[in-house]
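Take a look at the structure below.
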Amino acid sequence: MGQPHQGDEAAKPPLGVGMVGYAFMGAAHSQGWRTAGRVFDLPYRPVLAAVCGRDGQAVRAMADRHGWGAAETDWRALIARDDVDLVDICTPGDSHAEIAVAALAAGKHVLCEKPLANTVDEAEAMAAAAAAALGRGQMSMVGFNYRRLPATALARSMVAEGRLGPLRHVRVTYLQDWLVDPEFPLTWRLRKDVAGSGALGDLGAHIVDLAQYLAGEPLGGVSALTETFVRQRPLPARASSGLSAVPQPGTPSDDPRSDASPGSASTSLSGSGSGSGSGPGSGPGAVPGSRSGIVTVDDAALFTARFASGALASFEASRFATGRKNSLRIELNGERGSLAFDLERLNELAYHDHTEPGTHAGFRRILVTEPDHPYLDAWWPPGHGLGYEHTFVHQARDLVHAIAAGRPPTPSFADGLQVQRVLAAVEESAEKNSLYTPVAV
């Protein structure tokens, strides 16, 4: 990788990207890498060098569809490629630590999807490897993409400017409903050995990071409840993709509200990111003699928290909120004003200036589409909004600039570790009947 410079795209030095995992997040990250250099004037030219997954035929088809130059079926071979400067990890959480540590040891930059890992120990090892690699000029970043929306980036700047004054309350919800059907199959996201946790890690990690990012301070402790509403599900007929899957035909799960204790699981999905499939009556967590298995993660998590400053917070993450497809909402109340953001209206902020006379004060809409709003100088005329996919374009842009400047990007692996410690505190509190649990420092 040569010295960066602005100007003609073809003349810019390449930044070879190798991606491990090719399903839902793999497609989103591909869109980001493919588009970033076409919209923003980047110091390096991102090149989609190779993508990796276990199924050779499927990964080759994905490479052709999304513009990757080569396909690999072993992530170690991808890391070893000379044309790969950066490794983008889009696999389930059980493989994040092994791949990230190996990539950093091989001299690659790393982007890793959230949550950083499945356990605090794994996240600590990753953060330590990232800190050591930073001294060698290698950058690492966690993919908390909701930081990259123009509206949330603007909200952060408004809080930092003191527009809200000292914070008093933060309340956040992230709600989905794709698990409501008890016959939805036992995909990898429902297995603790692969996913680490359920709604807590999948959705809760996002809102913990977003709340701390917007507030500009960490959470100090939590009091939590978690629940698994459907404890036994059909085994999947084949590998899942995104948030959809097909159950095996035949015997449905026994009692979907059974109180059966969690079973063990052993099959790893390292290197695929595409989910798991099991034969009839077999596979991780399978109930003997049936085509069903035990759910070993939470379906919903609800917790209160306290920021280091004393501000209070509430969080709710659920995959059982009927009618909610991808509903993320956050509101911050301060001494001088309030801000609110709704992902379903992602080009807007609601802002209340509490210093105005009460006769005409109230929440007003800020349409975040002006060219001097974050990221928007490179996009469309005012009033022409962006969408979910653009967060991954902005993520790629920010990481390329950080690499070129030799500046540690954010959120860092240390930031990801801190979120992991919050998730661990939530699990510990829930296990102890909501006992207030400090977040480890």
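The values are calculated or read from the model by the stated rules, or taken from the named source; none is laboratory data. Every value quoted in this text rests on a predicted model; they were computed, and no experiment measured them. Reconstructed Cβ throughout: ideal geometry from the backbone, glycine too, with neighbour counts over all protein chains shown. Keep in mind that these areas ignore ligands, DNA and RNA; they rest on the heavy atoms of the full protein, side chains included. Shrake-Rupley method; radii C 1.70, N 1.55, O 1.52, S 1.80 Å.
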Check on residue 357, more than 30 Å from residue 46 (Cα to Cα) and more than 23 Å from the chain's Cα centre (by Cα): yes
Tabulated pairs, the stretch 405-421, first closer than 19 Å to residue 394 by Cβ and aliphatic (A, V, I, L, M), second surrounded by fewer than 22 Cβ atoms within 10 Å (Cβ to Cβ) and at pLDDT 95 or above, C-beta under 9 angstrom, 6+ apart or interchain: 405/43
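Results for (1) within 14 Å of residue 176 (Cβ to Cβ); (2) open to solvent by 10 Å² or more (accessible area, probe 1.4 Å); (3) modelled with pLDDT of 95 or more, shown as yes or no for each residue.
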| residue | (1), (2), (3) |
| --- | --- |
| 294 | no, yes, yes |
| 298 | yes, yes, yes |
| 307 | no, no, yes |
| 315 | no, no, yes |
| 324 | yes, yes, yes |
| 331 | no, yes, yes |
| 336 | no, yes, yes |
| 343 | yes, yes, yes |
| 347 | no, yes, yes |
From the options 142, 180, residue that is of a type in the set (Val, Ile, Thr) and under 23 Å from residue 225 (Cα atoms): 180
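Determine, yes or no, whether residue 205 is touching a Lys or Arg at 6+ places or on another chain (Cβ under 6 Å) and touching a residue at least 60 places away in the same chain (Cβ under 8 Å). Steps first, answer last, please.
Working: touching a Lys or Arg at 6+ places or on another chain (Cβ under 6 Å): yes; touching a residue at least 60 places away in the same chain (Cβ under 8 Å): yes.
Considered against the rule, which asks whether it is touching a Lys or Arg at 6+ places or on another chain (Cβ under 6 Å) and touching a residue at least 60 places away in the same chain (Cβ under 8 Å), residue 205 comes out as yes.
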Residue check for residue 10: in a helix (DSSP H, G or I), at pLDDT below 95, surrounded by fewer than 21 Cβ atoms within 10 Å (Cβ to Cβ) and touching a strand residue (DSSP E or B) at 6+ places or on another chain (Cβ under 8 Å): yes
Verdict on residue 161 being without any contact (Cβ under 8 Å) to a residue 24 or more places away in the chain and either under 26 Å from residue 371 (Cα atoms) or open to solvent by 10 Å² or more (accessible area, probe 1.4 Å) (or both): yes
Subset tally (residues that are open to solvent by 20 Å² or more (accessible area, probe 1.4 Å), in contact (Cβ under 8 Å) with a residue 60 or more places away in the chain and either among the basic types (Lys, Arg) or not in a helix (DSSP H, G or I) (or both)) for the stretch 168-197: 13
In the stretch 318-359, the residues that are among the aliphatic types (A, V, I, L, M), touching a residue at least 24 places away in the same chain (Cβ under 8 Å) and under 21 Å from residue 162 (Cβ atoms): 330, 332, 339, 349
Pairs with Cβ under 7 Å, 6+ apart, first in the stretch 374-400 and touching a residue at least 12 places away in the same chain (Cβ under 8 Å), second of a type in the set (Phe, Trp, Tyr) and open to solvent by less than 30 Å² (accessible area, probe 1.4 Å): 378/40; 391/146; 396/33; 397/40; 400/44
Check on residue 434, on the phi < 0 side of the Ramachandran plot, touching a residue at least 12 places away in the same chain (Cβ under 8 Å) and among the hydroxyl-bearing types (Ser, Thr, Tyr): no
Any hit, the stretch 373-396, residues being surrounded by fewer than 16 Cβ atoms within 10 Å (Cβ to Cβ), at pLDDT 95 or above, part of a helix (DSSP H, G or I) and in contact with a helix residue (DSSP H, G or I) (Cβ under 7 Å, 6 or more places away or on another chain): yes
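Could you please let me know if residue 236 is at pLDDT below 95, more than 30 Å from residue 337 (Cβ to Cβ) and open to solvent by less than 10 Å² (accessible area, probe 1.4 Å)? Please lay out each step first, then the result.
On the way: at pLDDT below 95: yes; more than 30 Å from residue 337 (Cβ to Cβ): yes; open to solvent by less than 10 Å² (accessible area, probe 1.4 Å): yes.
So residue 236 fits the description; yes.
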Among (1) within 16 Å of residue 195 (Cα to Cα); (2) in contact (Cβ under 8 Å) with a residue 60 or more places away in the chain, the one test that residue 85 misses: (1)
Some residue of the stretch 407-426 being more than 26 Å from residue 308 (Cβ to Cβ), assigned to a loop (DSSP other than H, G, I, E, B) and open to solvent by 30 Å² or more (accessible area, probe 1.4 Å): no
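Go through the stretch 134-156 and count every residue that is over 19 Å from residue 206 (Cα atoms) and assigned to a helix (DSSP H, G or I). Lay out the reasoning, then the answer.
So in the stretch 134-156, the residues over 19 Å from residue 206 (Cα atoms) come out as 134-139.
Restricting the remaining residues to those that are assigned to a helix (DSSP H, G or I) gives 134.
Residues meeting the conditions: 1.
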